[in-house]
Amino acid sequence: MAGLDPALQDHGWAHKAPAHDDLELRVSPSGGAGVFARRAFARGEFVVELTGIVLPEAQVGPQYYAVKVGDDAWLCSTGETVDDFLNHSCAPNLGFAAGVARLHALREIAAGEELAWDYSTAMAFTAWSMECRCGASACRGRVTPFDELAPGAREQLLPWALEYIRRRYGGPHQSA
Ligand SMILES: [Zn+2]
């Protein structure tokens, strides 16, 4: 594959690197895989959709990359598409600007930048957390479900969160 990061071979990810016109899989400064922009994106521009099959919680197994997209709905993927490799950041450059599982640029993004979204904006009302080493100056140290965030962080992230979270917290797209 043209332009494939040779370091991916060493990590055993080369066979996974999915083709995408605008995005590519590379080794992140964190040491894991990451997704990088192959071109610049304007603020507000659509970048990538989270893909997979939607399953109820009872059917979600450890073989999936899963994000919670509704009250009993998890978007599950098996690591075959580039969106599965997007890392979390506490200072993300992507977010769910329209409340659905499509990531838009939250600011101008230069070609070559690593892309990341805040996992707390698609995780709520479930037991889950992970240690964060995103390196942002505002790093929260631990990625938690949305409902476990401090009130100030919730307010800041709500405009980029999925619709079911906005509904619970009275976000800007609250339905009547
Ligand atoms: Zn962080």
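Here, each number is a calculation from the coordinates, and none is a lab measurement. Quick caveat: nothing in here was measured; it's all calculated off a predicted structure. We place every Cβ from the backbone using ideal geometry, glycine too, and count neighbours over all the protein chains shown.
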Answer with one residue from Cys139, Val82, Gly32: the one whose Cα lies farthest towards the positive end of the charge dipole of the chain, charges on Cβ with Lys, Arg +1 and Asp, Glu -1.
Cys139
Extension gain, Ala98 back to Gln59 (0.36 nm per residue minus Cα-Cα distance, nm)
11.3 nm
Within the set Gly52, Gly141, Gly152, GNM on the chain using Cα springs under 10 Å gives the largest fluctuation to Gly152
Which of Asp83, Asp71, Asp118 has the fewest Cβ neighbours within 10 Å, and the rest in rising order:
Asp71, Asp83, Asp118
So the pair-distance distribution of region 44-133, from every Cα-Cα distance in 5 Å bins, comes to percents of 3, 14, 24, 26, 20, 10, 3, 1, 0
On a C-alpha basis, how far is the centre of region 130-169 from the centre of region 61-106 in Å? Whole number, if you could?
14 Å
Out of every Cα-Cα pair in the chain, what percent are more than 22 Å apart?
44 percent
Which whole-number percentage describes the relative contact order of region 6-169, with Cα contacts under 8 Å and a sequence gap of 6 or more?
22 percent
